[in-house]
1. Just the residues that are open to solvent by 10 Å² or more (accessible area, probe 1.4 Å), at the interface with chain A (Cβ under 10 Å from one of its Cβ atoms) and not polar (S, T, N, Q), please, taken from the range B:384-397.
2. Read through the list (1) open to solvent by 40 Å² or more (accessible area, probe 1.4 Å); (2) in a strand (DSSP E or B), then give the number of the only condition that A:Gly371 fails.
3. Answer yes or no: is there a residue in the range A:418-427 that is without any contact (Cβ under 8 Å) to a residue 40 or more places away in the chain, touching a Lys or Arg at 6+ places or on another chain (Cβ under 6 Å), open to solvent by 10 Å² or more (accessible area, probe 1.4 Å) and more than 12 Å from chain B (Cβ to nearest Cβ).
4. Let me spell it out: the conditions are (1) in contact (Cβ under 8 Å) with a residue 40 or more places away in the chain; (2) open to solvent by 10 Å² or more (accessible area, probe 1.4 Å); (3) not in a strand (DSSP E or B), and B:Arg446 meets all of them except one. Which number is the exception?
5. State yes or no: is A:Gln338 modelled with pLDDT of 95 or more and away from chain B (no Cβ under 13 Å)?
6. If you check A:Thr322 against the conditions, is it in contact with a helix residue (DSSP H, G or I) (Cβ under 9 Å, 6 or more places away or on another chain), among the β-branched types (Val, Ile, Thr) and either over 27 Å from B:Pro312 (Cα atoms) or open to solvent by 10 Å² or more (accessible area, probe 1.4 Å) (or both)?
7. Over 32 Å from the mean Cα position of the chain (by Cα) and either without any contact (Cβ under 8 Å) to a residue 60 or more places away in the chain or within 30 Å of B:Val274 (Cα to Cα) (or both): is that true of B:Asn131 in this structure?
8. Within the range A:213-229, take every residue that is more than 8 Å from chain B (Cβ to nearest Cβ) and open to solvent by 10 Å² or more (accessible area, probe 1.4 Å) and give me the one that is farthest from A:Met331 (Cα to Cα).
Amino acid sequence: MSAEEILQILSSESSVTSTELASRFNCDHQKVVGAIKSLESLGDVISTKIETVKQWKLTEEGEIVVKNGSHEYVVFSLVPSEGIPQAALMKAAGSVGKVGFSKAMSAGWISMDKSSQPPLVKKKVDTAKDNVKDYLVDIVGTGGSSVPDKEKADLKKRKLVQEVVEKVYILEKGENFSTSITKAETDLTAEMISNGSWKDVSFKPYNFDALGISPEGGTLHPLLKVRAEYRQIFLEMGFTEMPTNNYVESSFWNFDSLFQPQQHPARDAHDTFFISDPHSTHLMNDEYVKQVAEIHSVGGFGSQGYGYDWKTEEAAKNLLRTHTTAVSARMLYNLAKQKEFTPQKYFSIDRVFRNETLDATHLAEFHQIEGVIVDYGLTLGDLIGVLYQFFKKLGIEKLRFKPAYNPYTEPSMEIFSYHAGLGKWVEIGNSGIFRPEMLLPMGLPENVKAIAWGLSLERPTMIKYGIDNIRDLVGHKVNLKMVKENPLCRI
Amino acid sequence: IKYCPGLKSIRYDLLCPEGLVRALLIFTSKIEPPIYKARPVSSNKLHTLTVKLPPKGTRHYRPYVVGGILRNINFTEFSCKTFIDLQDKLHMNICRKRTLAAIGTHDLDACEGPFTYELVPKKDIAFVPLNQTKVVTGEEFLDFYADDRNLGKHLHVIEKYDAFPIIYDKNRNVCSLPPVINSEKTKISTSTRNVFIDITATDLTKAHIVLDTLTAMFSQYCDVPYEFEPVKIVYETDAHPGETVPTMESRRIHVSQDQVNTLLGIDLSIDEIVRLAKKMSLGAEVGKSIDSKGTSGVYIDIPSTRHDVLHPVDVIEDIGIAYGYNRIPKVFPKMGTVAQPRVVNKISDLVRRELALCGYYEVLAFSLCSEDENSTWLRRKADNPKPVRLLNPKTFEFQVMRTTLISGLLKTVAHSKSQKLPIKIFEVGDVVFQDKSVPERQCRTRRRVGALWAAKTSGFENIHGVLDRIMLMFEIKRTNKGNSEGFQFIASDDPVMFPGRCADVFYKGARIGLVGVVHPEVLAKFDIIYPCSMLELDLDPFE
């Protein structure tokens, strides 16, 4: 039997089943099924339908019965007319003796004559009809349709037959039916290309439903992919990056230089990480420190100040910066020390620290995005204009501004954008014009104004990637699978 | 009572419904801003509050006091509640939980002036505190309130002293023991007609703000609205020369038209500026020009409720708010600037990309960690190098600023047990350590790269390969020891690594990092079951 022979049969007959083929070729059904499977893989050469069929089949023991007769018949045949001692009979019958003897006894074919010594087994009837064998022959020949169910059950119980469920293939011609087979190749090889055999071979159809093999490459972290986009936007808009790689800052630069009074709640230990070692800093720039002390305690430059007792020790306390505006303050101070003032655009995206109670949206450290523009005569209109430009690059066109309070900006504005998904206005950042009490003590010219805005990096990233818990985004408990499968950041 | 949460936190006059309603009525031009007037009482008839804090020349821990009187007030249940409520809000807010200033309010008909503010030894104090029925002595006082959820948290102000501040009336009745409690005797109720307010403080400016705010808001319920009676404060110490408060006087500043328009970026006429300022409860009238350009200006009278106004920009912001931020035309600053990224960040990005191309996943650990994670778990000494230590962390997770990226990478592996092997991760980040030679901050920051390989076998050669790759990308060749041009790989024995499987990396004669197989004892501390190889390098030398 070969696959071609099956095709030969199909070329003359419209339909044939696998069981028919097995009996025609007189071979095992499974072998036929194998041949059909390989024909199926050629494409539409044949079309198949599957039916499940229950069939009675002989067990190995059943095959022996068909060959030799039932065990009881074998035993019956071995009994001579004069009788035979049971032990001798058993020896003659071999492995089937025990079962055959009891079955022949219960069938009434033989009996025990206990009158002689030793007792003899004698035939009780002259001839016996071997029904068991006949039934089995019937099952082999015709599937056993004429055998009563009760008998079948009995045979099954005697483990002479078993019921098997078989898949039967019904074959018909396929669309590309042909009686000849060209072996399908699975893949294009270098050899085929060099010897040109690719032109003559047919290829196994590709299973496009299967998954590809995942590439071995690495990935960048999702939050830093978003950081790269923001950084790119700032650079496109002509902003210079500030040196923010200093997490440790003095209270002076983090708060005092920003005109944030020393009793301000943000300077509380509940909000800010102070440092035990090195606990405090040596404040430099004596002249500037004096100016800051004065603007806080008694005012100046048109301001009445906060009217409190400003303490150097409080300003000297080290902390982990609570915002990158501490760095902006240093930049503006350095700019003021320049021989001649030049307009500047600055930005930074870096870590800041808050001594907060951690929850799903708050961590003790997060990234702040900050932009600062400093030039003569900048107005609130400039700030609004820049914010529209900046957020437009992020794909946000609808903005609204709300008055806010911030110790170092005046005016101060909260930035809101319309979130189409949430269907409402959401706060996306803070902005303002730095107070004269911050800029003038540094020594910047009076009509120089600095406009600034800030937002967090984590929040927009969480919204973008639909992450609810910030700890699923940053920190060591992040699932690497998320890092691996996180999509490109295209804003 | 809760109001609009978006209000500016320093607008103390908007913390009560009285102030909020008043501001809205003025904004919508329904009423004129009120004018506060002192009751016509001749100065020798004024109540006095004398500060008798011994001895002259020494500073008391709560040196200042102010006071004021509201006569013929008509409380309702509502206004009595808002009066208490405003005090609570001021205590929480500007008074910084009563540390900077603390308010006491009394039924003036239950006590009698003149009043004194004294520092009294504990043993000499005995009174019935507010809402109590029994006398509590000064000796019992701290224990009596120790477990009180609301008042107990203010005890820290006085607990370390033997003498407590007391405000007495003429008959030595205790009015209050600031900043903790008033007396039951002078309790305010809806039937109270005359209110005496005392405010003790460490910060006199804040005391004035609080007094002005209470007076401005609740004088509206007096028979003659917005009338108040001042109190004469006499200091027997040298803390202050003495004063009569409140004055409720407005301050006059001048704002030029040019200042307004150049800060906001709009073009308002003088009349418009006046109109908008008035909407914001500010007094405003056209004033003569003061600036060199000769532009005209406006005199702004800042009422005593607006202590938040420090500078003309605060007035200009109010004018901007009245005008509407969303109506301001947008412009884009005309500036030709050339953008400049930081070199250290560019180098970091190049290395990050290279490591991702090498098949490593980027991780982002916290820069704060525990002492153990940063040193002893790594088999390293605690102070080599010395980390920056936090004073007030809320958890053990955040004790120090990391001095190495190693622990963050190991923690990440420990949490990646379900990942397919090998686990390949990296991080580029800053580490910080103390360095007394750095002026001002006394600590140094380093940009580092760390990479880790974890699998069934150590895979040292893979991490070695990553190092070679980084050097190849920076065009740094491997050279022999002593040749300062290239990089060298010199066997070392950092305790974090397995003995004999650790090398220092030298570049231009300086050690810039290490490569090795992580010591099994370190792995055990971090609960990691696979062998790991890793490298850590400074990136600053590549700039």
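The values are calculated or read from the model by the stated rules, or taken from the named source; none is laboratory data. For clarity, every value in this text was computed on a predicted model and none was experimentally measured. Using ideal geometry, Cβ is built from the backbone for each residue, glycine included, and neighbour counts are taken over all protein chains shown. Each accessible area value is taken on the protein alone, full model and side chains, heavy atoms only, with ligands, DNA and RNA left out. Shrake-Rupley method; radii C 1.70, N 1.55, O 1.52, S 1.80 Å.
1. B:Lys386, B:Arg389, B:Leu390, B:Leu391, B:Pro393, B:Lys394, B:Glu397
2. Condition not satisfied by A:Gly371: (1).
3. yes
4. The failed condition is (3).
5. Numbers: modelled with pLDDT of 95 or more: no; away from chain B (no Cβ under 13 Å): yes.
So A:Gln338 does not fit the description; no.
6. It is true that A:Thr322 is in contact with a helix residue (DSSP H, G or I) (Cβ under 9 Å, 6 or more places away or on another chain), among the β-branched types (Val, Ile, Thr) and either over 27 Å from B:Pro312 (Cα atoms) or open to solvent by 10 Å² or more (accessible area, probe 1.4 Å) (or both).
7. Values: over 32 Å from the mean Cα position of the chain (by Cα): yes; either without any contact (Cβ under 8 Å) to a residue 60 or more places away in the chain or within 30 Å of B:Val274 (Cα to Cα) (or both): yes.
Taking the combined requirement at face value, the residue satisfies it.
8. To start, the set of residues in the range A:213-229 that are more than 8 Å from chain B (Cβ to nearest Cβ) comprises A:213-215, A:222, A:225-227, A:229.
Filter once more, so that each one left must be open to solvent by 10 Å² or more (accessible area, probe 1.4 Å): A:213-215, A:225, A:227, A:229.
Numbers: A:Ile213: 50, A:Ser214: 47, A:Pro215: 45, A:Lys225: 27, A:Arg227: 22, A:Glu229: 24 Å.
This residue is A:Ile213.
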